[in-house]
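Notes follow once the structure below has been shown.
The values are calculated or read from the model by the stated rules, or taken from the named source; none is laboratory data. Model, not experiment: these values are computed from the prediction. Counting neighbours? That spans all protein chains shown, and the Cβs are built from the backbone with ideal geometry, glycine included.
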Amino acid sequence: GAVVSQHPSRVICKSGTSVKIECRSLDFQATTMFWYRQFPKQSLMLMATSNEGSKATYEQGVEKDKFLINHASLTLSTLTVTSAHPEDSSFYICSAKTGVDSPLHFGNGTRLTVT
Amino acid sequence: AQSVTQLGSHVSVSEGALVLLRCNYSSSVPPYLFWYVQYPNQGLQLLLKYTSAATLVKGINGFEAEFKKSETSFHLTKPSAHMSDAAEYFCAVSAGWTGANNLFFGTGTRLTVIP
C-alpha cells in the first residue's frame, strides 16, 4: 500500500529558530500533498495544499511567510516553521494522494515543541 | 461548510464489550464521511468511508458505521472490543470524494480497552 514517511517524528527547538519537516511518498508519486496541524484537544486543521512545481495554497488564517512549503519533487514536500514561537508547538501531519480519486494517505506526524 | 463533532474525547470499554464512538456532522451539501484510526506512533489509517452508497458501511478490523441523515450522525461501532483496538479515532467529513483533500476532522476520541 501507499506509504507516506514524515520526518522527524518529534522535534524540540528554541524560540526564534526554524524547523523543517519532511514528507515523502515512498512508493508513489504525489503531485499534491497536504499539511495539517492539530493543537491539543482540537481538530486536525488543513493548513495548506502543496502542489509539485508551484506555490502552495494556504488556508485562511495560515501565514505563508511563517510556514514555508516547498514541493520540489513528486515525492517530497517540506514544511519549514520559521522563527518558531511557543504558540507554534503543535502536531503537524502531512498526507498525500496517489491520484485524484484516491483516498488520503497520512504520515505519522511530527510533534513540535518550541521552548 | 462542513464540520464534525465527536462526543467524548475518551471512551473506555472492557475487552469483548461493544464499542460505540459518536460522530455528528454538519454539511451544506451531501456529505462524504470518513473514520480514521491512529495507533500510537503511527499515521492515520482509513477505517471506512461513506460515499452516498449503502448507509451501513463496513470497514477494516470489524468496525462499521451507519449514516443516518435524519440524525446527522455517523457513529462507529464494533460488537466486541479487542485490546488491539486501543487507539485514537477521528471522524471526518468532506464535500465530495474528489474533494477528499478538504477533510474536516473531529477532535478525536481516544479508545481505551480494559482487559
Point to revise | Failed item in (1) closer than 30 Å to A:SER9 by Cβ; (2) assigned to a strand (DSSP E or B), with B:GLN42 passing the rest | key: (2)
Check your understanding: Quick check: anything in region A:69-85 at pLDDT below 90, closer than 30 Å to B:HIS10 by Cβ and either of a type outside the set (Ser, Thr, Tyr) or not in a loop (DSSP other than H, G, I, E, B) (or both)?
Key -> no
Practice item. Considering each of B:SER80, B:SER27, B:SER70 in turn, give the residue that is out of contact with any helix residue (DSSP H, G or I) (no Cβ under 7 Å at 6 or more places or on another chain) and at pLDDT below 90. Key: B:SER27
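From A:ALA56, A:ALA48, which residue is more than 12 Å from chain B (Cβ to nearest Cβ) and under 12 Å from the mean Cα position of the chain (by Cα)?
Values: A:ALA48 fails: more than 12 Å from chain B (Cβ to nearest Cβ).
After applying the criteria, what remains is A:ALA56.
Given the criteria away from chain B (no Cβ under 13 Å), touching a residue at least 60 places away in the same chain (Cβ under 8 Å) and part of a loop (DSSP other than H, G, I, E, B), does A:GLY61 qualify? Walk me through it before giving the result.
Details: away from chain B (no Cβ under 13 Å): yes; touching a residue at least 60 places away in the same chain (Cβ under 8 Å): no; part of a loop (DSSP other than H, G, I, E, B): yes.
It is false that A:GLY61 is away from chain B (no Cβ under 13 Å), touching a residue at least 60 places away in the same chain (Cβ under 8 Å) and part of a loop (DSSP other than H, G, I, E, B).
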Practice item. Could you check how many residues of region A:1-41 are surrounded by 14 or more Cβ atoms within 10 Å (Cβ to Cβ), more than 21 Å from A:VAL62 (Cβ to Cβ) and of a type in the set (A, V, I, L, M)? Key: 1
Review point. With A:ARG10, A:ARG24 as the choices, which residue is in contact with a Lys or Arg (Cβ under 6 Å, 6 or more places away or on another chain) and not polar (S, T, N, Q)?
Key: A:ARG10
Review point. Which ones in region A:22-78 are hydroxyl-bearing (Ser, Thr, Tyr) and over 12 Å from A:CYS94 (Cα atoms)?
Key: A:THR31, A:SER43, A:SER54, A:THR57, A:TYR58, A:SER73, A:THR75
Exercise for review: Mind counting the residues in region B:1-44 that are polar (S, T, N, Q), within 11 Å of chain A (Cβ to nearest Cβ) and surrounded by fewer than 17 Cβ atoms within 10 Å (Cβ to Cβ)?
Suggested key: 5
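The rows are residues; the columns are (1) without any contact (Cβ under 8 Å) to a residue 60 or more places away in the chain; (2) within 11 Å of chain B (Cβ to nearest Cβ); (3) under 23 Å from B:GLN38 (Cβ atoms).
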{"residue": "A:CYS13", "(1), (2), (3)": "no, no, no"}
{"residue": "A:MET33", "(1), (2), (3)": "no, yes, yes"}
{"residue": "A:PRO40", "(1), (2), (3)": "yes, yes, yes"}
{"residue": "A:ASN70", "(1), (2), (3)": "yes, no, no"}
{"residue": "A:SER90", "(1), (2), (3)": "yes, no, yes"}
Exercise for review: Hey, can you tell me all the residues within region A:76-115 that are of a type in the set (Asp, Glu) and either closer than 19 Å to B:LEU46 by Cα or crowded, with 22+ Cβ neighbours inside 10 Å (or both)?
Suggested key: A:ASP101
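Residues are listed down the side, and each one gets a yes or a no for (1) within 22 Å of B:PHE105 (Cβ to Cβ); (2) in a loop (DSSP other than H, G, I, E, B):
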site: A:GLU22; (1), (2): no, no
site: A:ARG37; (1), (2): yes, no
site: A:GLN42; (1), (2): yes, yes
site: A:MET45; (1), (2): yes, no
site: A:ALA48; (1), (2): yes, no
site: A:LYS55; (1), (2): no, yes
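Taking region A:92-115, which residues are β-branched (Val, Ile, Thr) and touching a residue at least 40 places away in the same chain (Cβ under 8 Å)? Let's see the steps before the verdict.
Let us first name the residues in region A:92-115 that are β-branched (Val, Ile, Thr), namely A:93, A:98, A:100, A:110, A:113-115.
Those that are β-branched (Val, Ile, Thr) and touching a residue at least 40 places away in the same chain (Cβ under 8 Å): A:ILE93, A:THR98, A:THR110, A:THR113, A:VAL114, A:THR115.
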Exercise for review: Working only within region A:42-58, note down all residues that are of a type outside the set (Gly, Ala, Ser) and touching a residue at least 12 places away in the same chain (Cβ under 8 Å).
Suggested key: A:LEU44, A:MET45, A:LEU46, A:MET47, A:THR49, A:ASN51, A:GLU52
